[in-house]
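The values are calculated or read from the model by the stated rules, or taken from the named source; none is laboratory data. Just so it is clear, the model here is predicted, and its values are computed rather than measured. Here the Cβ positions follow ideal geometry from the backbone for every residue, glycine too, while neighbour counts run over all protein chains shown. These accessible areas exclude ligands, DNA and RNA; they are computed on the full protein's heavy atoms, side chains included. Shrake-Rupley method; radii C 1.70, N 1.55, O 1.52, S 1.80 Å.
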2 protein chains.
Amino acid sequence: MKSDYIRPLDIRHGSVDLSHGGGGRAMVQLIADVFARAFDNQWLRQRDDAAVLPAPGPGEQLVMATDAHVVSPLFFPGGDIGSLSVHGTVNDVAVMGARPLYLAASFILEEGFALADLQRIVTSMAVAAREAGVPVVTGDTKVVEKGKGDGVFITTTGLGALPEGRRLSGAHARPGDAVIVSGTLGDHGMAIMAHRESLAFESEIRSDTAALHGLAARAMEAAPGLRLLRDPTRGGLAATLNEIAHQSGVGIVLDEAAIPVARPVAAACEFLGLDPLYIANEGKLVAVCPAEEAESLLSALRAHPLGAHAARVGEVIADGHRFVQMRTLLGGRRMVDWLAGEQLPRIC
Amino acid sequence: MKSDYIRPLDIRHGSVDLSHGGGGRAMVQLIADVFARAFDNQWLRQRDDAAVLPAPGPGEQLVMATDAHVVSPLFFPGGDIGSLSVHGTVNDVAVMGARPLYLAASFILEEGFALADLQRIVTSMAVAAREAGVPVVTGDTKVVEKGKGDGVFITTTGLGALPEGRRLSGAHARPGDAVIVSGTLGDHGMAIMAHRESLAFESEIRSDTAALHGLAARAMEAAPGLRLLRDPTRGGLAATLNEIAHQSGVGIVLDEAAIPVARPVAAACEFLGLDPLYIANEGKLVAVCPAEEAESLLSALRAHPLGAHAARVGEVIADGHRFVQMRTLLGGRRMVDWLAGEQLPRIC
């Protein structure tokens with residue numbers, strides 16, 4: 001019977017096979033039963049090859065960001081690849097100062113991946129998108145043979161609207177500016193690492209994965225002269241600050257005593273010989289603002305649940321070498337260079 | 001020395017390692033030497049986490065499409081995963097009637113993948129984007145361990161501008177409408193298949209991969225009442241027409257004698273026992289228009305280099321069962337159902 005061609009999948013016991021990416025009936029079933037059901041919204045219901053969407057208002061520019069997510073393991077304390085793939089891209093849009101509007105999602109599934117795990121991930125993604133107020137408006141699914149992928153990879157692309165004239169950029173830091181972080185460093189990367197290595201610390205370390213556009217909006221209100229926002233993901237605060245130093249042609253000096261690190265993360269870092277400055281965050285902002293706006297910005301961040309542990313951690317200086325340095329607890333200075341190699345693979 | 005931190009990669013002999021996805025110096029090098037160099041444009045040069053872009057003009061809507069590309073092999077006669085990943089997404093935007101504006105690209109690389117192959121693919125992508133006039137404005141790179149990917153997967157997301165009031169949709173076909181294809185069917189899928197299986201036919205079969213927004217614009221001019229455009233990729237013409245029948249609540253009757261198939265593709269299909277109706281195309285449009293506009297549309301398509309073999313292949317009928325059928329060469333009728341399983345995995 002053609003009229004009932006969308007039969008329910010056996011989500012409890014079934015797994016992905018190559019037909020789910022083939023463009024035929026099985027793919028239509030998977031999309032209807034798993035994706036369309038979880039993400040349901042007026043744009044997805046258009047069911048065409050692309051979504052037709054209202055453009056931003058007059059006087060607004062577009063912001064576009066894309067991120068592939070390959071985190072391993074797929075599920076970890078505090079989140080999973082689904083919520084992470086929403087937060088990561090929402091945050092890339094938000095740090096430009098833009099209001100996130102829409103997400104597109106593409107899935108690369110490995111043959112044999114449990115449909116129950118896929119549904120759990122898609123549900124988590126849908127919840128994260130709804131909480132962030134950013135609908136998944138279009139998507140795509142491909143399937144690769146067993147051994148040619150790793151469960152699921154998710155690429156999300158975000159669109160946002162940015163008022164004309166507002167421009168935050170990694171190139172805007174100036175000597176004398178304050179460097180502020182919105183909370184403790186290293187939570188996400190260390191949660192993945194501890195979970196991957198089955199390390200048991202006194203208390204579970206949870207990923208900080210969260211959508212930061214609300215916090216970013218507060219920051220922009222509180223510091224009208226805000227130079228830039230960044231989310232210090234792969235490579236941690238060290239990579240983010242080196243990028244900023246390079247883009248802006250400045251130096252940055254951090255104050256080790258001021259850098260917030262949660263006690264279990266600090267303990268785990270010490271145990272594993274890792275430096276929290278290099279560890280990924282998925283729910284933290286780095287802000288650079290004129291020194292005279294630093295207190296106002298700090299207060300605004302601390303008044304928001306995602307910014308309770310915000311701290312002023314350093315300052316921008318004139319430095320033709322574009323060095324990032326740290327005043328250590330012992331009173332010396334050390335370089336905070338880029339990481340040359342790979343500290344934690346597949347962290348996001 | 002920090003100031004020369006971007007040293008050239010050994011693209012000729014090197015390969016991707018996990019550090020190229022780590023957020024540190026190696027990743028910055030890869031992005032600068034391979035991606036930024038090939039795609040260079042004013043948006044990418046912003047070098048922030050997202051691109052800031054002019055919004056469409058007043059009276060225009062946005063169109064957003066995303067597609068993961070996992071084609072195997074990566075290189076095939078007529079194209080490669082790079083050009084395909086540009087054309088596929090440009091076409092998803094174009095079939096909505098929109099003018100493609102921007103592309104975002106995300107790469108999932110497998111550890112050990114030859115940098116020379118990566119550069120060849122990225123160069124092909126850059127050429128395709130330039131020819132299409134659609135810049136790659138932002139991107140992302142991740143690396144997975146050897147055996148957890150397959151060389152490279154590329155997800156592209158496209159944005160386009162659609163005039164208010166124009167709406168092409170798979171839900172708009174009406175009984176009496178003409179069904180038109182812009183050229184021969186099955187070229188892409190059969191090129192992949194023949195190459196994969198090392199089949200040698202009398203003449204090489206080449207993929208038809210091409211950007212179709214120019215052809216789509218001609219179609220819209222020539223047939224102001226145009227109901228819809230589609231690009232019949234995975235699942236071929238059969239899947240596309242079944243989708244349209246389902247979305248529009250109509251039946252479709254094809255005329256086997258009218259369906260254009262290139263001779264080597266027909267021969268290969270016969271040899272392999274495949275049906276060209278189910279084989280993917282990457283450079284063809286399906287159009288549905290009012291019968292009285294069919295001749296004008298056909299003439300316009302045939303006047304364009306990508307539409308030389310355009311043909312009217314069927315008509316839309318009233319049918320509560322939403323069947324797609326074909327009048328065969330022998331005068332009978334047969335069902336053209338969805339494919340139940342997978343005919344050709346990883347075709348795009």
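A cut-off of 5 Å between modelled amide H atoms, ignoring neighbours fewer than 5 places along the same chain, links B:Thr233 with B:Asn281. Comparing Cα centroids, region A:121-160 and region B:301-347 end up 32 angstrom apart.
Dividing the convex hull volume of the alpha-carbon atoms in the protein assembly as shown by its residue count gives 144 Å³ per residue.
Backbone N atoms of region B:56-88 closer than 14 Å to the 7 Å Cα→Cβ label point of B:Arg166 belong to residues B:56-64. For A:Gly22, the residues whose amide H sits under 5 Å from its own are A:Met27, ignoring neighbours fewer than 5 places away on the same chain, with H placed 1.01 Å from N. For the set A:Lys284/B:Lys142; A:Lys142/B:Lys142; A:Lys142/B:Lys284; B:Lys142/B:Lys284; A:Lys142/B:Lys148; A:Lys146/B:Lys146, the pairs lying more than 23 angstrom apart at their alpha carbons are B:Lys142/B:Lys284.
Calculated accessible area for the protein assembly as shown comes out at 35 Å² per residue, all protein chains present (probe 1.4 Å; ligands, DNA, RNA ignored).
Would you compute, from DSSP H runs of 4+ residues alone, the mean residue ellipticity of the protein assembly as shown at 222 nm, taking -39500 (n - 2.57) per run and dividing by the full residue count, rounded to the nearest 500? Intermediate results must be reported in sequence, preceding the final value.
On the way: 16 runs with 180 residues, N = 696.
Dividing the helical sum by the residues of the protein assembly as shown leaves -8000 deg cm²/dmol.
Tell me, what % of the accessible area of region A:52-163 is carbon and sulfur with a 1.4 angstrom probe? Walk me through the intermediate numbers first.
Details: 1310 of 2540 Å².
About 52 percent, which is the carbon plus sulfur part of the accessible surface.
For region A:52-163, rounded, prolate or oblate, judged on the Cα gyration tensor with a ≥ b ≥ c (square roots of eigenvalues), a/c < 1.5 rounded, else prolate if a/b > b/c? Display every interim value, and only then the final one.
On the way: a/c = 2.41, a/b = 2.01, b/c = 1.19.
Prolate, since a/c reaches 1.5 and a/b exceeds b/c.
Among the DSSP helices (H) of chain B, those spanning at least 24 angstrom by Cα along their long axis with an average Kyte-Doolittle hydropathy of 0.0 or more are B:115-132; this is a geometric and hydropathy rule only.
Between amide H atoms placed 1.01 Å from N, distances below 5 Å from A:Glu60 occur with A:Glu164, all of them 5 or more places distant or on a separate chain.
Here region A:230-336 carries DSSP beta bridges of which approximately 65% are antiparallel, counting only pairs with both residues inside. How big is the B/A interface in buried accessible area, both sides summed, 1.4 Å probe, to the nearest 100 Å²? When B and A are taken together, about 7000 Å² of accessible area is lost. For region B:315-322, backbone phi angles converted through the Karplus equation (6.51, -1.76, 1.60; θ = phi - 60°) give residue-by-residue couplings of 9, 8, 10, 6, 6, x, 7, 6 Hz, Gly and Pro being listed as x.
The phi-based Karplus calculation (6.51 cos²θ - 1.76 cosθ + 1.60; θ = phi - 60°) puts the 3J(HN,Hα) values of region B:305-310 at x, 8, x, 4, 9, 4 Hz, whole numbers, x for Gly and Pro. The stretch between B:Asp10 and B:Glu197, if pulled fully straight at 0.36 nm per residue, gains 64.1 nm over its current Cα-Cα span. Within region B:52-163, DSSP assigns beta bridges of which about 75% are antiparallel (rounded to the nearest 5).
Normalising the Debye intensity of chain B to I(0), with uniform scatterers on Cα atoms only, and taking log10 at q = 0.10, 0.12, 0.15, 0.16 Å⁻¹ returns -0.63, -0.88, -1.24, -1.35. What Kirkwood radius, in Å to one decimal, follows from the Cα pairs of region B:178-335? It works out to 15.8 Å. Between copies, the label points at B:Thr328 (set 7 angstrom from Cα along Cα-to-Cβ) are spaced 8.3 nm, reported in nanometres from shortest to longest.
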